[in-house]
1. For the list (1) part of a loop (DSSP other than H, G, I, E, B); (2) in contact with a Ser or Thr (Cβ under 6 Å, 6 or more places away or on another chain); (3) within 15 Å of G110 (Cα to Cα); (4) not basic (K, R), I need the number of the one condition that P229 fails.
2. What are the pairs, 6+ residues apart or on separate chains, where a residue within region 220-244 that is of a type in the set (K, R) has its Cβ under 6 Å from a residue that is not in a loop (DSSP other than H, G, I, E, B)?
3. Scan region 227-284 residue by residue and report those that are hydrophobic (A, V, I, L, M, F, W, C) and over 19 Å from M190 (Cβ atoms).
4. So which residues in region 95-107 are among the acidic types (D, E) and either under 11 Å from the mean Cα position of the chain (by Cα) or surrounded by fewer than 17 Cβ atoms within 10 Å (Cβ to Cβ) (or both)?
5. Yes or no: E257 free of Cβ contacts under 8 Å to residues at least 60 places away in the same chain, over 25 Å from G73 (Cα atoms) and of a type in the set (D, E, K, R)?
6. Condition check: within 22 Å of D290 (Cα to Cα) and among the hydroxyl-bearing types (S, T, Y). Does Y126 satisfy that?
7. So, in region 164-205, how many residues would count as being part of a loop (DSSP other than H, G, I, E, B) and within 24 Å of N42 (Cβ to Cβ)?
8. For region 170-190, what are the residues that are surrounded by 16 or more Cβ atoms within 10 Å (Cβ to Cβ) and closer than 19 Å to Y86 by Cα?
Amino acid sequence: MRFVKALGRYAFLLLLAAALLAGDLILTKINPVKDMTCVWRNDFELIQVANPDMTFDKVFYGSSAVTASYIEGRNDTGYANLGIDYGTVKDLYEMLEQGWVTINSDLVIGMNEIFFLDTLPTNETYPWHREWYEPYVYFHRDRLNRLITLGLDSMMDGGSFFYADTSTQQRTVYRGALSDEDLQKSIDSMVERFGNVTLDDCKENFAALEQLVAYCEEHGIRLRGVWMPWNEKMEIYPAAQAIMDHADEMLAEMGIEVLDLTRAVPVQYFHDTGHLDYDTGAPWFTDFIDPWLAEEG
């Protein structure tokens, strides 16, 4: 009886909690943020909008270096470009392991030194970063708060609450080439940010690489790797080379084929240190790598 009385006493709170939980589950399932054309959306959400079921036969995955370098559908290889801003190997494994993406047959990872960095500033809005206990609205609080705050400001000034239109938003590509002066600033910035990293700064991502290989073996996915191009005007600094060498050793031990394109792309096709000019470099790179991508396993 005491239990029944206590249950009745707190019935409203229990119903409220159940309603909030149900609402959160519905929001999570629908995921309205990815479809909102009045907020900035991350790369993964933009891919989701174009591919609602997130199931692919063949995938070329990597960071913005892949996004900006590979033109999906230019040739008949069947590879989807799943480059995402700040994408690491750990991000990819979590995407696959949590069911955010399904790959049926082939996976190619586009690698550079920061692809393995645990300390790389990531995009916190990627859904696999959401903790199980975080409500949907709380997880997206920064963008929703910005929408509400700036929307109200816009209305106060006589404008629309939906002040922004991101309906045409695309993943970032790069056009043209930096001047020598700006390129040197970019080089200096990279060395300053990453020049002192060590293998200890990559432990989680190297562990995720082993997990990724095991996942692909278990699910019958052919996995290959490619080292993405470096601008010849930039030396591969020692810290980066050490990370790349260690990754090469790991991949070789696990029997993963790797294509080294670090110095394959002529300098005139670069925008900066590692992103290609999308108008000239990306077509060149796509045509160059597609025969290798198309090779049968």
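1. (2)
2. These pairs meet every condition: R222/D106; R224/V108; R224/E257.
3. M250, L251, A252, M254, I256, V258, L259, A264, A282, W284
4. Selection gives E97 alone.
5. On the way: free of Cβ contacts under 8 Å to residues at least 60 places away in the same chain: yes; over 25 Å from G73 (Cα atoms): no; of a type in the set (D, E, K, R): yes.
For E257, the condition - free of Cβ contacts under 8 Å to residues at least 60 places away in the same chain, over 25 Å from G73 (Cα atoms) and of a type in the set (D, E, K, R) - is not met.
6. Working: within 22 Å of D290 (Cα to Cα): no; among the hydroxyl-bearing types (S, T, Y): yes.
In short, no.
7. Final tally of qualifying residues: 11.
8. R171, V173, Y174, S186, I187, M190
The values are calculated or read from the model by the stated rules, or taken from the named source; none is laboratory data. None of the values given here were measured: they were computed from a predicted structure. No Cβ is skipped: glycine too gets one built from the backbone with ideal geometry, and neighbour counts run over all protein chains shown.
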